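The values are calculated or read from the model by the stated rules, or taken from the named source; none is laboratory data. Since the structure is predicted, the reported quantities are computational estimates derived from the model, not experimental observations. Here the Cβ positions follow ideal geometry from the backbone for every residue, glycine too, while neighbour counts run over all protein chains shown. We work out accessible area using only protein heavy atoms, side chains counted, and drop any ligands, DNA or RNA first. Shrake-Rupley method; radii C 1.70, N 1.55, O 1.52, S 1.80 Å.
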Amino acid sequence: MLADLDGVVYRGDVALPYAVESIRRAASTVRVAYLTNNAARTPSTVANQLREFGLELADDDVVTSPQAAVRALAELVPPPATVLVVGGEGLTAQVESAGYTVTRSADDRPSAVIQGFHPDVGWRQLAEASFALQSVDGAPGIPWVSTNSDWTIPLQRGIAPGNGSLVSAVHLAVGRLPVTAGKPEPAIYETALDRYGTRNAVFVGDRLDTDIRGANRVGIDSVLVLTGVDGAKQLLAAGKGDRPTYIVDDLRALHEPYPPVLIDSDGAVTVGAASVIMRRNRVEVLADDGEPIDLLRAASRAIWETGLAIYGIDVPDAVFRRLGIEPPSR
Ligand SMILES: [Mg+2]
């Protein structure tokens, strides 16, 4: 089991309800790894934080975007090449331990640039990267790898620019884009799957456009847990590549049987005691006596089967109200 952190295990400094006990129970029968796009924290810092929540894990059970970025880098430029690092200690240490020579200056004629978030990244580092990445005399420029492309990072005091925004500053100067390693790109998933020597994995995440999209790209099953960023509204609107295999309201469901999603010859979708059918562009609820989440599971499948865009579909408020959420305004 591969798990995202924020919105799955914890939110901010607080463990989410049922998350720790459910993951501990899962870990008694399967290997559990944790994937994070955060490039500023080392695997052991992340592992320590998870231990404080009561999880048992090795540092090696944390897979970070710098690790995935170095893997992607090695496919482009093998060590011991000289690499210009934009980022902090976490990324520098990862690049060095892979056998590369680290530089901070374009004057050292680096063979590649690797870029990750750190609060101290400023204009000088971004300018050095830009100088190194500019192509000379029409020759193709040197490879550029970014740990992740998250535009923003949510912090206690508000939303701040993330690595994607800093990458954009360099992009505007050099006119091209980097290879990206973090979710939803395959590199971070492949790094994890390689480490455990398996393709038989399920990804548990709270964001459709990163966690779930990436799992679909590498062809593994996924669980969307509704304790984080994306909720019923985003799920019903999810495009083909962003649809999870399973939908759960919290992680206790990892230990419960998942009801089959049944589609009858009329197109009615039944999950547990919930049943819906599409009447033209309208979702009609035929039965709704069981778990609230089953109605969402049935409605999302029925909507996805139509192939219609969500703004053309009329979803009854009950689908949202049953889950205790206010229906979106129209
Ligand atoms: Mg998350």
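Normalised per residue, the accessible area of the range 112-161 is 61 Å², obtained with a 1.4 Å probe and no contribution from ligands, DNA or RNA. The alpha carbon gyration tensor of the range 259-325 gives principal lengths a ≥ b ≥ c with a/c of 1.5 or higher and a/b no greater than b/c, which makes the shape oblate.
For the pair Asp137 and Ser168, a Förster radius of 35 Å applied to the C-beta separation gives a FRET efficiency near 0.85, rounded to the nearest 0.05. The residues of the range 259-325 present an accessible area of 51 Å² per residue when probed at 1.4 Å with all protein chains retained. Compactness of the range 66-180, taken as the C-alpha radius of gyration over 2.2 N^0.38 Å, stands at 1.00.
Measuring r between the beta carbons of Glu305 and Glu256 and using R0 = 22 Å, the FRET efficiency lands at 0.35. Can you give me the Rg/Rh ratio for the chain, using Cα atoms for both radii and the Kirkwood formula for Rh? The Rg/Rh ratio comes out at 1.03. In terms of packing, defined here as the mean over residues of other Cβ atoms within 10 angstrom, the peptides 67-73, 154-160, 215-221, 251-257 line up highest first as 67-73, 215-221, 251-257, 154-160. Surface exposure of the range 192-233, expressed per residue as accessible area with a 1.4 Å probe, stands at 39 Å². The angle between the Cα long axis of helix 163-174 and the main principal axis of the chain comes to about 50°, on a 0 to 90 degree scale. Using only the Cα atoms of the range 212-266, build the gyration tensor, take square roots of its eigenvalues as a ≥ b ≥ c, and label the shape rounded, prolate or oblate: rounded if a/c is under 1.5, else prolate if a/b is larger than b/c, else oblate. Since a/c stays below 1.5, the shape of the range 212-266 is classed as rounded.
Calculated [222 nm] ellipticity per residue, helices only, for the chain: -9000 deg cm²/dmol; basis is -39500 (n - 2.57) per DSSP H run with n ≥ 4, divided by all residues, nearest 500.
Using Cα centres only, tell me the gap between the range 270-320 and the range 56-90 in whole Å. Cα centres, the range 270-320 to the range 56-90: 43 Å.
Remark: the range 129-137, residue by residue, has Karplus-estimated 3J(HN,Hα) of 4, 4, 4, 5, 8, 5, 7, 9, 6 Hz, where x stands for each Gly or Pro and the curve is 6.51 cos²θ - 1.76 cosθ + 1.60 at θ = phi - 60°. Of the accessible area of the chain, computed with a 1.4 Å probe over protein heavy atoms only, carbon and sulfur atoms account for 50 percent.
Local charge sum around Asn48 (other residues, Cβ-Cβ under 15 Å, Lys/Arg +1, Asp/Glu -1)? In short, -4. Comparing Cα centroids, the range 112-138 and the range 143-214 end up 18 angstrom apart.
Taking a ≥ b ≥ c as the square roots of the eigenvalues of the alpha carbon gyration tensor, the range 167-241 is oblate, as a/c is not under 1.5 and a/b does not beat b/c.
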